[in-house]
Amino acid sequence: MLTKQVSACEETIIHEDEVRAASQTLIDSHVAGHLAQIFSALSDPTRLRLISALSDRELCVCDLAVVLGMSQSAVSHQLRLLRNLNLVKFRKEGRVVYYALDDDHIREEQVPLRVELAYEAVQRQLRSDILRARQEIEWSNKVIIDTNRRDDDHRNNGWL
């Protein structure tokens with residue numbers, strides 16, 4: 001039996017108290033646009049790794065390149081994108097450029113995403129995927145064993 005999935009109200013009823021409460025906590029379009037840019041920047045694994053590397057220390061571009069296993073120019077390109085969003089800051093000491101997270105507003109206010117939480121979520125998903133794959137392999141092995149036993153029975157009874 002197929003059931004109809006409803007994704008919209010079948011009748012229009014406005015719940016004024018709920019609308020008022022939601023309107024009071026709604027972020028404005030400018031903030032939403034800025035957050036969307038930040039989340040877009042953070043959707044790239046390389047940029048997430050850069051932020052992770054800078055989460056508790058300042059590093060120069062050379063060190064970041066080694067840590068990430070990338071060229072300095074590729075790291076600089078990614079850092080420029082993060083710098084344009086004020087996610088990282090830099091300082092120059094002679095010919096060496098050091099980067100750090102643009103402190104508290106990154107850790108607490110503007111970016112509610114924490115790299116550690118995202119990492120843990122990915123680890124949980126990977127563990128789940130591995131468990132599911134193991135179960136599928138066990139099931140496949142059982143099917144193969146059962147098929148082989150059936151074929152052996154058929155041969156022994158002269159049916160094959």
Quiz item: Do we find that GLU93 is at pLDDT 85 or above and assigned by TED's automatic domain parsing to the domain that holds HIS34 in this structure?
Solution: yes
Quiz prompt | Criterion (in the same structural domain as ASN86 (by TED's automatic domain parsing), over 30 Å from ARG95 (Cβ atoms) and assigned to a helix (DSSP H, G or I)) met by exactly one of LEU50, LEU35, LEU64 | solution = LEU35
Quiz item: What number of residues within region 1-32 are outside any helix (DSSP H, G or I) and either modelled with pLDDT under 85 or in contact with a Gly (Cβ under 8 Å, 6 or more places away or on another chain) (or both)?
Solution: 13
Self-check item: Test set (1) surrounded by 10 or more Cβ atoms within 10 Å (Cβ to Cβ); (2) at pLDDT below 80; (3) over 30 Å from LEU85 (Cβ atoms) - LEU35 fails condition number
Solution: (3)
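The values are calculated or read from the model by the stated rules, or taken from the named source; none is laboratory data. In this text the structure is predicted, and so the values were computed from the model without any measurement. So basically every Cβ, Gly included, is an ideal-geometry build from the backbone, and we count neighbours across all protein chains shown.
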